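Participant: To start, I am sharing the structure in question, which I have written as structure tokens.
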């Protein structure tokens, strides 16, 4: 009795491989014209954020000090930072700082909530789209950003750091631009803050005290503020200040020096004062060196256009000190469709 031969297994070769084989059949020496074409490896969340930061060609991000503290001429010194801390708005704060960091490349750029969630989460992993959407709404209500929507994608534009801008179509002028609120001043945040993932590791107290330290060491290399004054000056409790300093110590970015001074009203006639500073790359000296290097590259580029210095400079051209001209879509209540 003759047995029926078994059915051969299906050919595992993909359809496209079969098609390529058919195209080159009878021509074994014909090279594959697509042999050099390979897919990019997917980027991790922090790798993606780093790529976007590098596209801004920045080394540091300017932020007006008025976000941290009202000017000395004001009768009330606490500002928006204190409100974020007391309202426990950590994700909106991280979102706002990232928007300022990416601002040079955000004109006309729309990303889905999923992409924004990855950029904001960085080394800690993507945030939930719902939480990101809620952060957008909070920042828009605080008049710190304008949100524009096109389908499922969103564009964010920063507004003045004081939260006082009422016109959604107002041109955002960077804190570092010539003549931009020079009296109030601004601090700078090195982009290493995002690339290293420090922004993702700091909790609300640590992030608040980090911004406070950056603000206080813009010109002086160290500062001395008693924790008893934190509430009146910044709207931060003593506990928040101590916890924040603790986080910065753990990250090895805080330097401290205790000074014993004579104090006749003290029970022991002596009291301790604590002087604090930030370690490199966040120190006053490190930030000043980086900004000077940028100015030198820009000066070289302006004197020798063929030197290539402009292209090599992270802060060259409109990305650093001058806001590029834009034609923005109209907005309604902070979130509007993009112009078509």
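Participant: So how do 60-72, 220-232 stack up, highest first, on mean other-Cβ count within 10 Å?
Facilitator: Ranking, from highest mean packing down: 60-72, 220-232.
Participant: Going by the alpha-carbon gyration tensor, a ≥ b ≥ c the square roots of its eigenvalues, is the range 89-214 rounded (a/c under 1.5) or, if a/c is not under 1.5, prolate (a/b greater than b/c) versus oblate?
Facilitator: oblate
Participant: Can you list, bin by bin at 5 Å, the percent of alpha carbon pairs in the range 234-280, starting at 0?
Facilitator: 5, 18, 19, 20, 18, 14, 6, 1
Participant: So, by mean Cβ neighbours within 10 angstrom, what's the order for 36-47, 140-151 with the highest one leading?
Facilitator: Listed from highest to lowest mean packing, they are 140-151, 36-47.
Participant: Answer rounded, prolate or oblate for the range 33-165, using the Cα gyration tensor with square roots of eigenvalues a ≥ b ≥ c: rounded when a/c is under 1.5, else prolate when a/b is larger than b/c, else oblate.
Facilitator: Details: a/c = 2.30, a/b = 2.00, b/c = 1.15.
Prolate.
Participant: Using per-residue counts of other Cβ atoms within 10 Å, averaged over each peptide, order 93-100, 107-114 from highest down. Walk me through the numbers on the way to the answer.
Facilitator: Values: 93-100: 22.2, 107-114: 15.2.
Top of the packing list down: 93-100, 107-114.
Participant: Quick check: convex hull over the Cα atoms of the range 45-337, volume per residue in Å³, rounded to an integer?
Facilitator: Each residue corresponds to 142 Å³ of Cα convex hull volume.
Participant: Sorted from fewest to most neighbouring beta carbons within 10 Å, what does the list 194, 233 look like?
Facilitator: Fewest to most other Cβ atoms nearby, the residues stand as 233, 194.
Participant: Based on a Kirkwood Rh over C-alpha pairs, give the Stokes-Einstein translational diffusion coefficient of the range 46-85 at 4 °C and viscosity 1.567 mPa s in µm²/s.
Facilitator: For the chosen part, D equals 104 µm²/s.
Participant: Once the Cα gyration tensor of the range 165-280 is found, what semi-axes does its equivalent ellipsoid get, as square roots of 5 times the eigenvalues, in whole Å, sorted largest first?
Facilitator: Whole-Å semi-axes of the equivalent ellipsoid: 30, 19, 14.
Participant: Something else: Of 172, 193, how do they rank once you tally other Cβ atoms within 10 Å and put the fewest first?
Facilitator: Ranking 172, 193 by Cβ neighbours within 10 Å, fewest first, gives 172, 193.
Here, each number is a calculation from the coordinates, and none is a lab measurement. No experiment lies behind these values; they were computed from the predicted model shown. Don't worry about glycine lacking a Cβ; one is built from the backbone with ideal geometry, like all the others, and counts go over all protein chains shown.
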